[in-house]
Amino acid sequence: NMKGDGNSIDMVLSARQPLTVENYMASEIAAGVLKQMISEAISGTGMYLRLAHNCRIYPQERFNVMISVVEADPDGFARDAQMSGIDDVTKILRNVLEELPETEISEDVVQKYKTVLKGHLALKMKDPHYWVQAIVKRHLDGKDFTTSYESKIDAVTPAKVKAVLAPLSNTSRVEYIIER
């Protein structure tokens, strides 16, 4: 990377997914679970993770995840700490993604992210701009994500989270952007 930001790996994962309330809630939780999995996998490599996600309706209903793994500033490291090479970290990321369909996701982990999601949505619902978007989706597309949202979150199971994550590893094409 010539901008001085350090080495980085950027990935975009995308899978077709009907945007139902059940899938939306499971996707929100799945993004947290994936972030935890990658963070644990790259721990000790000298890299840190930025992960963003969204669910799109147009032009096609999809679940998208944007991953950036960036080299941390070595000034804050212990003197004997070793930074992993970018190729090694790329292999770690690939392993996490390839293992998604077989990875067991515990009820405790899902419960943690259910709690986070409930808090996040409760906070968003205090913003009038959120309601403008929510009402437009509800009336134009029949996508009601707000009514009884807590019970919809509670209905998400580890199996559903796994079902949302699995297609991300089976995308037909993967491109890596590695900046050095």
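The values are calculated or read from the model by the stated rules, or taken from the named source; none is laboratory data. Please read all numbers here as calculations on a predicted model, not as lab measurements. Using ideal geometry, Cβ is built from the backbone for each residue, glycine included, and neighbour counts are taken over all protein chains shown. Please note that ligands, DNA and RNA were not included when accessible areas were found on the heavy atoms of the full protein model with its side chains. Shrake-Rupley method; radii C 1.70, N 1.55, O 1.52, S 1.80 Å.
Out of curiosity, is A41 at pLDDT 90 or above and either open to solvent by 20 Å² or more (accessible area, probe 1.4 Å) or within 30 Å of A134 (Cα to Cα) (or both)?
yes
Could you check V110 against (1) touching a Pro at 6+ places or on another chain (Cβ under 7 Å); (2) open to solvent by 80 Å² or more (accessible area, probe 1.4 Å) and say which number it fails?
So V110 meets the others, but not (2).
So which of I92, I105, I86 ends up being farther than 20 Å from E28 by Cα and touching a helix residue (DSSP H, G or I) at 6+ places or on another chain (Cβ under 8 Å)?
Criteria check complete, one pass: I92.
When the residues of region 48-83 are narrowed to those that are modelled with pLDDT under 90 and open to solvent by less than 50 Å² (accessible area, probe 1.4 Å), which ends up farthest from P167 (Cα to Cα)?
Among those residues, the one meeting the criterion is A81.
Here is a yes/no grid of residues against (1) open to solvent by less than 60 Å² (accessible area, probe 1.4 Å); (2) of a type in the set (D, E, K, R); (3) assigned to a helix (DSSP H, G or I); (4) modelled with pLDDT of 95 or more:
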{"position": "L34", "(1), (2), (3), (4)": "yes, no, yes, yes"}
{"position": "L93", "(1), (2), (3), (4)": "yes, no, yes, no"}
{"position": "R138", "(1), (2), (3), (4)": "no, yes, yes, no"}
{"position": "D144", "(1), (2), (3), (4)": "yes, yes, no, no"}
{"position": "T147", "(1), (2), (3), (4)": "no, no, no, no"}
{"position": "E150", "(1), (2), (3), (4)": "no, yes, yes, yes"}
